[in-house]
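One structure below.
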Amino acid sequence: MYAGVMKDKIKTSQLILDHIHHHYGSVAVLHDLNLEVEPGEVVVLVGPSGCGKTTILNLLSGYLKPSAGSVIREGVIRTVYQQDGLYPWLTVSENILLGLRFIKDPALIKKEMEELIGLIHLEGFEQHYPHQLSGGMRQRVELARVLAGDSDILLMDEPFSALDYQTRLRMRRELIRLLEKRPRTVVFVTHDIEEAAQLADRILVLSNRPATVRKELRVHALRPRGLTDHAVIEAMKEILVELGL
Amino acid sequence: MTETKPANPLSLTPATDKKNDAAHILFPFYVVSGALMAWWLISAANIFPAYALPSPGSVWKSFLEEIHSGRLLNDLIASLWRVAIGFLLSVVLGIPAGLWLGQHLRARRAVVPMLNFFRFLSPLAWIPFAILWFHIGDKPAVFLIFMASFFPLTLATMAAVANIPSIYFRVASDYHYQGIELLTKVTFPAVLPQVITALRVSYGIAWVVIVAAEMVGCQDGLGYGIWEARNGLRLDAAVCYMIVIGLMGMGIDRLLAQLSKLPNVRWGYER
C-alpha cells in the first residue's frame, strides 16, 4: 500500500464527476455537474452559501452516493475539515501518526514524522494536545496529517474559515509552500474569493441551488500570489461579477 | 512563521497557586472548625439529652474504642470490599452496555425507557428482594450497590457516545478505522472524560447506599455498625461511623478525581 519513500510526486490520482445529479429528499442540490480534476491540479469551488459545495466534496470522498451520474476516483483521498478534525485525546504527533498508520517500518515512520513536524514548523510541540494550540497551529497539524504517507488527493472543506483574517492569509502561503514540497491533487471549497484567487489553478463558480458550474476560470500566475497581484485582482473581479456582487 | 510556545494551561502561575492553597485548605479548615465548635456548644448547652446528641468528646472516645477493639477497621474493610465488588460489576457491565447502546439508535430507543425507570427506583426498594434472593452475607449488599450504580453509569456512557461529534467518525473512516479498533481508538477515548465524571457520580451513589445495604443480612460493615449502635442506643458510636463513611467517600472520590488529570482526558474538562 505504501511505496516506502516520502511521496513527493503524484503517482495515481483521478477524480471525475460525470453528469452528477443529487437531491436531498425533494430538494435538488446538484444538477448535471461535470468535473474532471487533473493530477496535481488545485481546483477551487466557490459559490453562494448552501449551493452544495460541501455536497460535492462528500460525493468526491465517497461519503455520499450521487442520486444519478457516476464518480470515478483513484488514489488515497484525505479530507481537511473546517475545524475540530484533530482528535483531542491525541497529541500532535499521535494525530499525525494517523496519516502514517499503514507504514510498518518504525525507522521510516520516525523519519516521516520529523520531516512533517519540521515542514509545519511545530518542532517542540509534538507532545502538545490540540486544545493547547492556537487555531492556526491546529490547522497546520491537520495539513501535516493529510500530507503524511501515501495520500494522493486532498479535499479541503473551508479549512481556514474558522481562523482570523491574518492567520488565514498566512495559512494560504503555508498551504502553497507545503504543496510545493509535497504536490497533491486538491479540491478546495471556500466562500472566500480572495482565497480562491490566490490558491487556484482553476476556479469553478457555482450557481445557486441546484448547483451547476456557472463559470470556469483559469489562473495562470505563479504561486505564491500576493493579494494585490494583477492576476488575483482580475480573477476576483470575474468571480464577483459571476456571483452578482 | 514564528509562534511563541503557549503557557502550559495545566499549570497555574505561582501567585495563583498560593491564593488557591488558602482557598483549598484554609477556608475548608475554618468551616469544619466552625461546625465542630457549634456542635460542641450545642451539646455543652444540654439542649438535647446526651443520648440524643453525643458530644464531640464522647464521639472521640468511642472512636478510640472502636479502633482498639479492631471493629472499625474490620467494618471498613467489609464495606470497601462490598462497594468495590458491586461497583466493579456496574463498571464491567454498564460501560460496555452504554458504549453499545450509544451506537445503536434503535436499541437505544427500545431500552432507554426501562433503564430510566430503574434509575428512578430507589435501590432501597430492592431490599426485600435482595434478602429473598441472596439471603445473608455479602451478596445482598453487593446486589443493592450494583442496582444503585449500574443504571446511572450505563445511561451516562450511552448519552456520551450518542453525542460524539460526527466529525470524529468522518476522520476515522478517512483513516480506515473499523470495528473493534474504531471502538477502542475513537469511540472510547472520545467519551472517556464523561465516563470518568459518571464513575465519580455513580460511585457516590454506591457509597451512599452501603449504609442501607448493610442494615440487612450483614454481620459487619460500616452500615451495620450504625445499625448496631442505634440498637444499643450508642449514638456516639453511630456518629463515629458516620464520620468515617463521609471521610472515606471523600477520599475515594479524590482518588477517582485523579483519573481526570490524565493528560489524554484534560481536553474534556478544559474546552
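Taking the criterion of being out of contact with any Leu (no Cβ under 8 Å at 6 or more places or on another chain), closer than 20 Å to B:Val195 by Cα, surrounded by 11 or more Cβ atoms within 10 Å (Cβ to Cβ) and of a type in the set (A, V, I, L, M, F, W, C), the residues of region B:98-117 that qualify are B:Trp100, B:Leu101. Contact map, region B:188-206: residues that are within 15 Å of B:Ala160 (Cα to Cα) and within 14 Å of another protein chain (Cβ to nearest Cβ) paired with residues that are among the hydroxyl-bearing types (Ser, Thr, Tyr) and assigned to a helix (DSSP H, G or I), Cβ distance under 6 Å, separation 6+ or inter-chain. Pairs shown: B:Ala190/B:Tyr168; B:Val195/B:Thr157.
Is there a residue being surrounded by 15 or more Cβ atoms within 10 Å (Cβ to Cβ), under 30 Å from A:Leu245 (Cα atoms) and of a type outside the set (A, V, I, L, M, F, W, C) anywhere in region A:40-47? Yes, that holds for at least one residue. Can you confirm whether B:Gly137 is touching a Cys at 6+ places or on another chain (Cβ under 8 Å) and either more than 14 Å from chain A (Cβ to nearest Cβ) or under 30 Å from A:Pro130 (Cα atoms) (or both)? The answer is yes for B:Gly137. Filtering B:Val142, B:Val191 for residues that are in a helix (DSSP H, G or I), farther than 30 Å from A:Ser151 by Cα and either β-branched (Val, Ile, Thr) or touching a Lys or Arg at 6+ places or on another chain (Cβ under 8 Å) (or both) leaves a single hit, B:Val142. Every condition in (1) in contact with a helix residue (DSSP H, G or I) (Cβ under 6 Å, 6 or more places away or on another chain); (2) within 11 Å of chain A (Cβ to nearest Cβ); (3) hydroxyl-bearing (Ser, Thr, Tyr); (4) closer than 18 Å to B:His104 by Cβ is met by B:Ser166 except one, and the failing one is (1). Within region A:150-173, being within 12 Å of another protein chain (Cβ to nearest Cβ), touching a strand residue (DSSP E or B) at 6+ places or on another chain (Cβ under 9 Å) and of a type outside the set (A, V, I, L, M) holds for A:Ser151, A:Asp157.
Just one of the listed residues (A:Arg182, A:Arg202, A:Arg209) is under 16 Å from A:Pro224 (Cα atoms), at pLDDT below 90 and of a type outside the set (Ser, Thr, Tyr), namely A:Arg182. Please tell me if A:Glu180 is over 23 Å from A:Ile16 (Cα atoms) and within 12 Å of another protein chain (Cβ to nearest Cβ). In short, no.
Can you find even one residue in region A:164-179 that is closer than 29 Å to A:Ser67 by Cα, at pLDDT 90 or above and hydrophobic (A, V, I, L, M, F, W, C)? Scanning region A:164-179 turns up no residue that is closer than 29 Å to A:Ser67 by Cα, at pLDDT 90 or above and hydrophobic (A, V, I, L, M, F, W, C). For region A:77-89, taking the residues that are of a type outside the set (Asp, Glu) and surrounded by fewer than 19 Cβ atoms within 10 Å (Cβ to Cβ), the one that is nearest to the chain's Cα centre (by Cα) is identified as A:Gln82.
Matching residues to (1) assigned to a helix (DSSP H, G or I); (2) out of contact with any helix residue (DSSP H, G or I) (no Cβ under 8 Å at 6 or more places or on another chain); (3) without any contact (Cβ under 8 Å) to a residue 24 or more places away in the chain:
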site	(1), (2), (3)
B:Ala22	yes, yes, yes
B:Val31	yes, yes, yes
B:Gly34	yes, yes, yes
B:Ser43	yes, no, yes
B:Pro49	no, yes, yes
B:Leu53	no, no, no
B:Ser58	yes, no, no
B:Leu64	yes, yes, yes
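Here A:Ser49 does not qualify as within 14 Å of chain B (Cβ to nearest Cβ) and out of contact with any Phe, Trp or Tyr (no Cβ under 8 Å at 6 or more places or on another chain). Within region A:100-149, being among the charged types (D, E, K, R), within 27 Å of A:Gln14 (Cβ to Cβ) and within 12 Å of chain B (Cβ to nearest Cβ) holds for A:Arg101, A:Glu142, A:Arg145. Of all residues in region A:91-113, those satisfying the criterion of being part of a helix (DSSP H, G or I) and of a type in the set (Lys, Arg) are A:Lys110, A:Lys111. When A:Tyr24 is tested against (1) touching a strand residue (DSSP E or B) at 6+ places or on another chain (Cβ under 9 Å); (2) away from chain B (no Cβ under 14 Å); (3) without any contact (Cβ under 8 Å) to a residue 40 or more places away in the chain, exactly one condition is not met: (1). Can you name the number of the only condition in (1) free of Cβ contacts under 8 Å to residues at least 60 places away in the same chain; (2) within 24 Å of B:Pro165 (Cβ to Cβ); (3) not in a helix (DSSP H, G or I) that A:Glu123 fails? All conditions are met except number (2).
Close Cβ contacts (under 6 Å, 6 or more residues apart or on different chains) running from residues in region B:69-94 that are basic (Lys, Arg) to residues that are assigned to a helix (DSSP H, G or I) comprise B:Arg82/B:Asp138; B:Arg82/B:Ala141; B:Arg82/B:Val142.
The values are calculated or read from the model by the stated rules, or taken from the named source; none is laboratory data. If you're wondering where the values come from, they're calculated on a predicted model, not measured in any experiment. Virtual Cβ from ideal backbone geometry, glycine too; neighbours counted across all protein chains shown.
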